[in-house]
Amino acid sequence: MTDLFAPFQLGTLTLANRLVMAPLTRNRAGAGEAPTELAAEYYAQRAGSGLIVTEGTQPSAVGQGYPHTPGLHTDAQTAGWRLVADAVHARGGKIVVQLMHAGRISHESITGLQPVAPSAVTPAGEVYTEQGMQAFREPRALETAELPGVVAEFVDAARRAVEAGLDGVELHAANGYLLQQFLAEGSNQRTDGYGGSAANRARLVIEVATAVAAAIGPDKVGIRISPAGKMNDIAEVETAATYAALLDGLNPLGLLYLHVLESPETSFHEQLRARWDGPFIFNTGFTGPSDLATAQTAVDSGATDLFCIGRAFLANPDLVERLRTGAELNVPDTSTFYAGGAAGYTDYPVLV
Ligand SMILES: Cc1cc2nc3c(=O)[nH]c(=O)nc-3n(C[C@H](O)[C@H](O)[C@H](O)COP(=O)(O)O)c2cc1C
């Protein structure tokens with residue numbers, strides 16, 4: 001049995017244990033969508049995880065998907081992230097920022113801009129805005145000539161992450177945001193070199209990863225995917241072929257990790273684990289609270305190197321210690337997930 005609570009060497013990062021805190025959007029950024037001292041406190045409280053993956057963070061103004069999510073494209077935002085990085089490092093933790101371009105999962109009332117996407121396909125459903133829930137509107141299809149600019153935004157944000165003292169970035173290619181919109185047939189109906197085949201649909205994601213790795217070093221770049229995930233109106237057809245093409249393009253880069261989010265209904269993670277040359281993080285998805293037994297089985301079976309947990313970390317700053325000692329867990333309060341302020345953010349109790 002592998003000891004989940006023993007250190008794990010992830011590239012150049014020595015993690016205190018194999019439990020990763022999942023990226024969790026909390027909508028508490030301050031003025032100019034910059035992380036605040038409160039965010040620094042929240043993340044520092046959770047520095048006992050092996051690795052923190054931060055909430056989704058937009059690499060550009062148009063990439064913002066929800067009110068008050070932090071960005072990483074201005075100097076003030078970079079300074080805010082420095083507060084977070086310093087606070088986590090002071091507690092001995094490791095932290096990478098998740099770079100999330102929301103693409104069509106956004107709204108003009110949030111950014112003042114028409115959302116962009118691979119194709120002008122309106123997602124079903126509604127988006128949360130300051131004015132309440134609003135139906136998605138038709139996004140603008142990115143022109144081929146604009147795609148190098150999208151890549152450059154990710155590169156700029158990644159450079160800022162390093163400047164802020166963070167340990168790296170996680171590229172968010174999961175959950176129906178811009179990068180998965182390119183991977184999925186339903187949202188990507190392009191007829192240029194970025195659509196129409198598995199290799200073409202994977203092209204932008206590979207270009208982003210390649211450029212970001214070249215800019216800050218592959219040992220500072222992880223990537224998250226959710227193959228066959230349906231979140232945010234994603235419809236994939238050739239999932240196996242698409243993700244095979246993606247991994248074949250990513251493997252030569254020598255990235256920090258591949259992070260797979262998948263519900264137990266499908267088992268693409270098994271194929272991906274076999275195909276992937278580097279470290280692997282697994283998150284079983286919103287099927288119920290992730291627990292220690294699931295994590296232990298996943299690691300012992302060789303399905304993954306590291307196990308990622310979301311809501312239990314949200315509600316338990318000292319989750320690792322609680323799991324290690326078999327203590328009871330605080331229950332997440334869903335009403336404060338996205339509510340703003342300290343309540344349900346920095347006030348979950350720790351064991352004394
Ligand atoms: C409040 C909340 C916010 C989330 N925000 C993000 C996010 O910003 N980026 C992301 O990739 N996943 C996000 N997720 C998904 C989680 O990372 C994770 O995959 C999910 O909660 C399943 O893990 P769990 O069962 O351990 O909670 C979010 C989930 C929750 C509950």
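Values in this text are rule-based calculations from the coordinates and carry no lab data. Here the structure is a predicted model, which means the values were calculated and not measured. For neighbour counting, all protein chains shown are included, and Cβ atoms are generated from backbone atoms with ideal geometry for every residue, glycine included.
Ordered by the number of other Cβ atoms lying within 10 Å of each residue's own Cβ, fewest first, 292, 142, 258 fall into the sequence 292, 142, 258. Of the GluC sites (Glu not before Pro) found in segment 131-219, the ones in coil according to DSSP and having at most 12 other Cβ atoms within 10 Å of their Cβ are 143. The calculated pair-distance distribution of segment 206-269 uses every alpha carbon pair, bins of 5 angstrom beginning at 0, and gives 4, 16, 26, 22, 16, 11, 4, 0 percent. Think of segment 8-336 as having a plus end and a minus end, set by charges on the Cβ of Lys, Arg, Asp and Glu; of 9, 294, 183, 9 sits farthest toward the positive end of this dipole. Exposure proxy for 133, 1: other Cβ atoms within 10 Å of each Cβ, ordered fewest to most, give 1, 133. Rank 261, 24, 306 by mean-square fluctuation in a GNM of the chain with C-alpha springs under 10 angstrom and give only the top-ranked residue. Among 261, 24, 306, the largest mean-square fluctuation in the Gaussian network model of the chain belongs to 24.
The charge dipole of segment 1-59, taken about its Cα centre with unit charges on the Cβ of Lys, Arg, Asp and Glu (plus for the first two, minus for the last two), comes to roughly 120 debye. By the count of other C-beta atoms within 10 Å, a proxy for reagent exposure, 307, 182, 5, 268 are ordered fewest to most as 5, 268, 307, 182. Helix-only arithmetic for the chain: the sum of -39500 (n - 2.57) across DSSP H runs with n ≥ 4, divided by the residue total, places the mean residue ellipticity at 222 nm at -9500 deg cm²/dmol.
Please get the size of the charge dipole for segment 8-336, origin at its Cα centre, with Cβ charges of +1 on Lys and Arg and -1 on Asp and Glu, quoted in debye to the nearest 20.
Using Cβ point charges on Lys, Arg, Asp and Glu, segment 8-336 gives about 280 debye.
Once the gyration tensor of the Cα atoms in segment 8-336 is diagonalised, the equivalent ellipsoid follows with semi-axes of 28, 23, 19 Å, ordered largest first.
Under a Cβ-Cβ cut-off of 14 Å, what is the net charge of the residues other than residue 158 that fall near it, where Lys and Arg count +1 and Asp and Glu count -1?
Its environment carries a net charge of -4.
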